[in-house]
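Engineer: Next up is a structure, given as structure tokens.
The values are calculated or read from the model by the stated rules, or taken from the named source; none is laboratory data. Since the structure is predicted, the reported quantities are computational estimates derived from the model, not experimental observations. No Cβ is skipped: glycine too gets one built from the backbone with ideal geometry, and neighbour counts run over all protein chains shown. The accessibility values were calculated without ligands, DNA or RNA, using every heavy atom of the protein model including side chains. Shrake-Rupley method; radii C 1.70, N 1.55, O 1.52, S 1.80 Å.
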Amino acid sequence: MKHKYRILMLFLVVLAVTFGAKARSDENKFRLKPGARGKICLECHSDFQDKLKMQYVHTPVKIGECVGCHSPHTSNYGKNLAAPENKICFTCHPDIIPDGAKSTHKVVVEGKCVNCHDPHASNQPFHLLRAGNEVCFACHKDIAQQVASSKVKHPPVQDSCLNCHDPHASMKSTHLLKDEVPGLCKTCHQTSNPIFLSQHMNMPVGEANCVMCHNPHGSDQKGMLYNNVHPPVASRMCTQCHQGPDSKTPLALRSPVFDLCKGCHNDMINTTLAKTQVHWPFLRKDGCLSCHNPHASPEKGLLKAPKIKLCGRCHADTIKRQQRSQTKHPPVAEGNCTACHEPHSSNNSFLLNAASPIDLCGKCHDSQKHATHPVGVKYKDPRNPNKTLTCLSCHRAHGTDYKRMIPFPTVTELCVQCHT
Amino acid sequence: MKNLIIAASLFAALSLALPVRPVAAAGVKLKFVVAVYADGKGNPINRPEAVSCDDHSVLLSDSGNGRLLTFALVNGTMTGGKEIKSSQISYPLRARKGPNGDIFVLDGKSHKIVHLDANGNYVSTVQPTGVGGEVIPDSFDIDSAGNLYLVDVFNSQVVVLDPQGRMIRQIPFAQDTKDNGFISDITVSKNGDILIVDGVRKMVYKAGKDAKEFTPFTKSLAGYMSFPAGIQTDSKGTVYLIDRNGASIVTLGADGSISATQLKMGWKEGQLYYPSGICFNNNGEIFIADRENNRMQAFVAEQ
């Protein structure tokens with residue numbers, strides 16, 4: 001028994017010596033002189049003294065562990081970092097994007113932590129580069145503008161974006177929201193409150209998607225509705241389309257979507273259907289809702305999204321072609337699809353809003369001033385006796401892989417199509 | 001070459017010789033034969049949206065002119081270019097022949113299917129019954145029994161009608177298509193399978209003879225196609241898709257795998273510019289409605 005105890009003790013001593021040496025090695029793998037940690041670096045990086053005086057200092061910096069992130073001699077990465085700049089933070093913060101997150105912040109995924117944080121020190125909590133919402137608004141300028149200019153403010157937004165959003169990732173919702181809507185909204189807004197009910201015409205909207213109608217970042221409309229409000233909503237006439245609060249199914253529609261819309265937009269629908277080319281979503285039973293929000297929208301025409309995003313849901317290949325194109329066509333690049341296309345119907349190819357591509361292009365391009373090539377109905381396309389020469393004989397309006405939106409790599413290859 | 005083209009004139013009386021070939025199948029190569037630019041009287045074709053054919057005739061939807069053109073195929077020679085017009089047809093989107101030679105036309109303006117007799121005389125407008133509401137088709141096909149298969153875009157379903165217009169079956173589109181898709185065409189195979197193609201999602205869906213729902217026949221064909229607008233099958237189960245925005249023909253094997261991508265964008269003969277419809281017959285002859293080139297092109301299948 002005594003013998004066994006001695007063997008066990010010996011084993012433990014060997015183990016302690018071995019791992020102790022390893023620990024010392026890890027702790028001082030650069031063989032720094034005693035008490036030299038960090039101080040040696042500061043002998044040259046003297047400006048760092050100011051950093052160390054800041055209110056919030058990154059722990060490795062505070063303890064002089066510069067080699068936690070930097071290699072003192074050589075490195076394959078910028079700033080002598082011990083790992084790629086977009087990965088170095090994850091060595092200590094591996095769970096910043098938890099598994100199964102429903103949404104993630106793009107800059108975090110890309111490892112661009114320094115877009116928001118100072119890796120050494122800052123006077124802002126979490127070593128943020130700027131105070132409060134300013135750190136978010138540095139990138140989200142459109143929202144900053146909206147928050148600043150809106151007449152009806154949402155107090156939590158004025159206070160902090162982090163009241164509703166997680167900055168790195170959200171396990172519960174899209175858009176980095178801390179919880180799903182309406183649960184998130186209901187943490188402040190009591191939907192059973194009589195005032196709330198009255199404001200919503202006693203319709204049971206407690207489980208509805210609040211952001212269908214309300215702009216959470218503030219708006220110019222009463223009730224923080226999006227700036228473009230469908231007249232029946234603005235006039236509080238919910239029952240024009242919905243069954244109403246006295247019904248067993250108060251939110252149910254009074255009739256199918258197409259019939260409801262036709263009730264007010266009959267002339268437009270008749271005009272649309274009188275043309276030969278009808279945009280197919282228009283023909284669906286609930287087709288209007290393919291593109292329009294029936295309540296309110298930040299977009300003109302109550303569109304569900306900016307046009308480039310909305311149209312791009314179905315016409316992704318066309319949008320991608322523009323993105324690839326060496327020459328950008330401004331209306332396409334800006335997402336102004338309706339500069340050239342009728343969204344509902346047209347008698348022209350591609351739902352164009354002019355019969356002749358020459359007339360359409362001529363709205364912006366005075367072609368005869370910069371080009372002398374003949375175009376028009378008098379000029380047959382030598383490649384095809386049923387075609388006349390138009391702008392589209394040489395250019396593709398949504399761009400190509402080549403310059404000048406021509407469908408061939410070089411101008412010569414384009415010209416010799418006809419000029420052989 | 002001598003058996004390829006005998007075209008007296010593309011704008012005058014039409015007489016085109018097409019070589020007789022076995023039916024098209026996977027692995028075939030399309031070889032250009034001739035482009036047709038005009039009817040039998042020399043009037044130019046304008047924006048043809050669709051073409052259908054059998055071993056003896058070709059029916060072109062000359063949509064921009066609001067008419068149909070019929071061509072006869074006799075011993076490999078295409079003749080005719082006869083015009084069919086009807087006050088009920090403003091913009092023919094699709095036209096198919098029924099088993100007795102009658103013609104059914106989907107009009108893009110009225111969104112109705114117009115029934116004409118074999119000579120092009122108006123018979124009736126198809127009024128679907130038993131469907132339980134309005135039907136708005138954006139494409140259709142006919143089987144050998146004369147049953148109509150409508151892509152009912154209004155209700156996101158395929159409706160099968162008997163020759164009298166009575167509803168036989170309703171098959172809803174797959175949920176993905178309902179949510180964010182668009183069925184651009186339909187075809188019924190000889191064994192009764194219904195194939196529909198989703199132009200937005202770039203997928204083909206299939207419903208067997210007695211199926212109650214569509215299931216994916218292919219994965220997304222993104223990367224191979226931009227916007228499939230037409231679909232046809234042959235007797236061997238080969239599926240042909242026409243890529244309108246990508247200006248090509250994609251061939252699928254009977255298992256839905258891609259076997260070939262052919263042709264390219266352009267204005268010259270043998271090239272396509274926003275093609276919209278395709279058909280082929282048992283002679284291995286393939287016709288394409290080359291919409292934005294304002295012409296019909298004929299190809300033959302070469303093994």
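Engineer: At 1.4 Å probe radius, can you tell me the per residue accessible area of the protein assembly as shown in Å²?
Structural biologist: 52 Å²
Engineer: Also, I was wondering about something else. Taking the Cα centroid of region A:365-420 and of region B:158-172, what is the distance between the two, rounded to the nearest whole Å?
Structural biologist: Cα centres, region A:365-420 to region B:158-172: 47 Å.
Engineer: Say R0 is 25 Å: what FRET efficiency, to the nearest 0.05, do A:Arg130 and A:Glu65 get from their beta-carbon distance?
Structural biologist: Step by step, r from the Cβ atoms, then E = 0.45.
Engineer: Could you tell me how many cubic angstrom of Cα convex hull volume the protein assembly as shown has per residue?
Structural biologist: 292 Å³
Engineer: What is region B:2-302 by shape, rounded, prolate or oblate, if you read a ≥ b ≥ c off the alpha carbon gyration tensor as root eigenvalues and call it rounded for a/c under 1.5, prolate for a/b larger than b/c, and oblate otherwise?
Structural biologist: Details: a/c = 1.67, a/b = 1.21, b/c = 1.38.
Oblate is the answer for region B:2-302, as a/c is 1.5 or above yet b/c matches or exceeds a/b.
Engineer: Aspartates and glutamates near B:Lys29 by alpha-carbon distance under 12 Å, same-chain residues fewer than 8 away left out - which ones?
Structural biologist: B:Glu285, B:Glu302
Engineer: Divide by every residue of chain B the summed helix terms, -39500 (n - 2.57) for each DSSP H run of at least 4, and state the resulting mean residue ellipticity at 222 nm, rounded to the nearest 500 deg cm²/dmol.
Structural biologist: Result for chain B: -500 deg cm²/dmol, rounded to the nearest 500.
Engineer: Heavy-atom accessible area of A:Tyr56 with all protein chains present, probe 1.4 Å, nearest 10 Å²?
Structural biologist: 80 Å²
Engineer: Rounded to the nearest whole Å³, what is the per residue volume of the convex hull around the Cα atoms of chain A?
Structural biologist: Output value, Cα hull per residue: 317 Å³.
Engineer: Turning to a different aspect of this structure: Give me the distance between the Cα centres of region A:80-138 and region B:55-109, rounded to whole Å.
Structural biologist: First find each Cα centre; the distance between them is then 65 Å.
Engineer: Let me ask you something else. So how much accessible surface do A and B hide from each other in total, probe 1.4 Å, in square angstrom to the nearest 100?
Structural biologist: Looking at A and B, the buried total is near 3000 Å².
Engineer: Using only DSSP helix segments of four residues or longer, with each worth -39500 (n - 2.57), what per-residue ellipticity at 222 nm results for chain A after dividing by its residue count and rounding to 500?
Structural biologist: Taken over chain A, the calculation gives -8000 deg cm²/dmol.
Engineer: Using modelled amide H (1.01 Å from N, peptide plane; none on Pro or chain starts), what sits under 5 Å from the amide H of B:Thr77, excluding residues fewer than 5 places away?
Structural biologist: Correct list: B:Leu18.
Engineer: With θ set to phi - 60° and the Karplus curve 6.51 cos²θ - 1.76 cosθ + 1.60, what are the ³J(HN,Hα) couplings of region A:175-185 in order, to the nearest whole Hz, using x for Gly and Pro?
Structural biologist: For region A:175-185, the Karplus curve yields 6, 6, 6, 6, 8, 5, 7, x, x, 4, 5 Hz.
Engineer: Students often get this wrong, so check it: of A:Lys178/A:Lys304; A:Lys328/B:Lys219; A:Lys262/B:Lys109; B:Lys31/B:Lys178; A:Lys275/A:Lys380; A:Lys275/A:Lys387, which have C-alpha atoms separated by over 26 Å?
Structural biologist: Long pairs (Cα-Cα over 26 Å): A:Lys328/B:Lys219; B:Lys31/B:Lys178; A:Lys275/A:Lys380.
Engineer: Could you sort the peptides B:272-278, A:299-305, A:335-341, B:68-74 by per-residue average Cβ neighbour count (10 Å cutoff), highest mean leading?
Structural biologist: Values: B:272-278: 24.9, A:299-305: 16.1, A:335-341: 18.1, B:68-74: 20.9.
Highest to lowest by the protection proxy: B:272-278, B:68-74, A:335-341, A:299-305.
Engineer: Between region A:233-296 and region A:314-329, what is the C-alpha centre distance in whole Å?
Structural biologist: 32 Å
Engineer: State the antiparallel share, in %, of DSSP beta bridges confined to the protein assembly as shown, rounding to the nearest 5.
Structural biologist: Numbers: 111 of 114 bridges.
So the antiparallel bridges amount to about 95 percent of the total.
Engineer: On to the next question. Treating cross-link reach as a plain straight distance, find the aspartates and glutamates whose alpha-carbon is under 19 Å from the alpha-carbon of A:Lys53, omitting any fewer than eight places away in the same chain.
Structural biologist: A:Glu43, A:Glu65, A:Asp118
Engineer: Which lysines have a Cα lying under 17 Å from the Cα of B:Lys190, excluding residues fewer than 8 positions away in the same chain?
Structural biologist: Those lysines meeting the cut-off are B:Lys97, B:Lys206, B:Lys209, B:Lys236.
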